[in-house]
1. Go through the range 55-101 residue by residue and tally those that are assigned to a loop (DSSP other than H, G, I, E, B), open to solvent by less than 50 Å² (accessible area, probe 1.4 Å), touching a strand residue (DSSP E or B) at 6+ places or on another chain (Cβ under 8 Å) and under 22 Å from Ser31 (Cβ atoms).
2. Got a sec? Which of Phe218, Phe207, Phe240 is of a type outside the set (Asp, Glu), under 22 Å from Pro184 (Cα atoms) and surrounded by 14 or more Cβ atoms within 10 Å (Cβ to Cβ)?
3. Is it the case that Leu361 is in a helix (DSSP H, G or I) and either open to solvent by 40 Å² or more (accessible area, probe 1.4 Å) or not hydrophobic (A, V, I, L, M, F, W, C) (or both)?
4. Any idea which of (1) closer than 25 Å to His260 by Cα; (2) modelled with pLDDT of 95 or more is the one Ala299 doesn't satisfy?
5. Residue under question is Ser366, and the condition is that it be of a type in the set (Ser, Thr, Tyr) and closer than 22 Å to Gly397 by Cα; does it hold?
6. Thr395 - would you say it is modelled with pLDDT under 95 and loosely packed, with under 12 Cβ neighbours inside 10 Å?
7. Suppose we filter Arg189, Arg194 for residues that are of a type in the set (D, E, K, R) and within 25 Å of Arg174 (Cα to Cα); which single one remains?
Amino acid sequence: MHDVGPSSEVQITQGLEPVIYTRSEHNISRSQISSNALKVLYRLKNEGYDAYLVGGCVRDLLLGREPKDFDVATNASPEQVKRAFRNCRLIGRRFRLAHVFYGQEIIEVATFRASSDEEQGLQKVDQDGRLLRDNNYGTIEEDVVRRDFTVNALYYNIKDFSIVDYVGGMDDHRAGMMRLIGDPETRYREDPVRMIRLVRFAVKLGFSINAECEKPIFQLADLLANIPAARLQDEALKLFLSGYAVETFEMLRHYGLFAHLYPAAETSLCSEEQGFPKLFIAKALVNTDKRIAEGKSIAPFFLISTFLWDAVKNQANINLAEGMSESIAFQQASSQVISQQLKSTAFPKYIGMAMRDIWGLQARFSNRSGTRAYRLLGHPKFRAAYDFLLLRAETGGAEPELASWWADFQIASEVQQKKMIASISKTSPKKRRRRRKPTVKNQQHD
């Protein structure tokens, strides 16, 4: 296995020699590879270019998994790739990529990349100490060391069906080990999101994390504050909507990373009472994983709303104590919590609106008299709000009888629904209206 010590990319590539694993030494077969990806590989090869499958698809094929997509790396420039394929479109400004279209499938083709400043031994640093890069075309050796992890830096060569390994990725793959390429602290400072990606891949693959890569995370987690909120939102969705939300949540908290994604939720978790809201959030994560395993759709707004519910409820209680009506108290609390959260993960406006609806409807579940129950049942976000109520009831945050009543009300006939509402009206204490004293007009006597 090749040891990659702390250094810049140029120093890493010096003396870097690949280990070639022949077809008989690995388990990847062309029958496992997308036919469209093979078309791209063979076309580039026939045009005289080097062409490799690279990244997650090679990693997943070695694990016997079906890759989500197939990425190709080549020494052909984007313009040369475009000339080779009529069904190709170039994208990107800073670094151009070629997308080759086959119906719904897109094969992404990237030219080998390097960093021109680092080739000269220079590194750009921003005011927060984050290393900056300028993308540039390069060699396969330079392309290798720009990648994050050794197990993601394996190249499947279409020329002879071998796997080319410059950084000991095959050894780490066999050992079930996640390891960064290069010096861990340098790579984290260069892009703090690598800490999140490390957790995601470790959980997803069931791999352990190399001790030297693990150690700096505890000290460098604060660097996530320098990452654009929109990018962190994308990464957060990958973390929690990949079918391993529970394990990911626990590992993120262990390394102190969760607090930088959802600070309000972390505050609530640190001050929980009788297992709430940790049990509430944990149950939401379990349900998310279960739905994904069953092939059901997932609404990102629902999971995020569980993370922030405790913060909204606490702020709403403060507002109520100040004399606000219940609806206004929750509206203002929702706005305040969402506004703060957008500084960390900038989700789209429609997600925020859906979360407001879910939170705002919780108080309305208790008001079932007259036509209120029918109006709530017809609300566009009733189902999501009802599922939220069930989750609260299961974890001690709402009365189980209330959730049970709404479960029955949804499937009851019209006659039964009227009886249920009438029964609620009889048992509910009636508010006494104060009678106004009649005003006595002063009469003037003649």
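The values are calculated or read from the model by the stated rules, or taken from the named source; none is laboratory data. Fair warning: this is a prediction, and the values are worked out from it, not measured in the lab. Here Cβ is always computed from backbone atoms with ideal geometry, including for glycine, and neighbour counts include all displayed protein chains. Protein only, heavy atoms only, side chains kept; ligands, DNA and RNA dropped before computing areas. Shrake-Rupley method; radii C 1.70, N 1.55, O 1.52, S 1.80 Å.
1. Result for the range 55-101: 2.
2. Exactly one residue qualifies, and that residue is Phe207.
3. Working: in a helix (DSSP H, G or I): yes; either open to solvent by 40 Å² or more (accessible area, probe 1.4 Å) or not hydrophobic (A, V, I, L, M, F, W, C) (or both): no.
Considered against the rule, which asks whether it is in a helix (DSSP H, G or I) and either open to solvent by 40 Å² or more (accessible area, probe 1.4 Å) or not hydrophobic (A, V, I, L, M, F, W, C) (or both), Leu361 comes out as no.
4. (2)
5. It is true that Ser366 is of a type in the set (Ser, Thr, Tyr) and closer than 22 Å to Gly397 by Cα.
6. Criteria not met by Thr395.
7. Working: Arg189 fails: within 25 Å of Arg174 (Cα to Cα).
The conditions single out Arg194.
Residue-wise test of (1) part of a helix (DSSP H, G or I); (2) of a type in the set (Asp, Glu); (3) open to solvent by less than 20 Å² (accessible area, probe 1.4 Å).
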site	(1), (2), (3)
Lys283	yes, no, no
Ile298	no, no, no
Leu303	yes, no, yes
Gly323	no, no, no
Ser327	yes, no, no
Phe330	yes, no, no
Gln336	yes, no, no
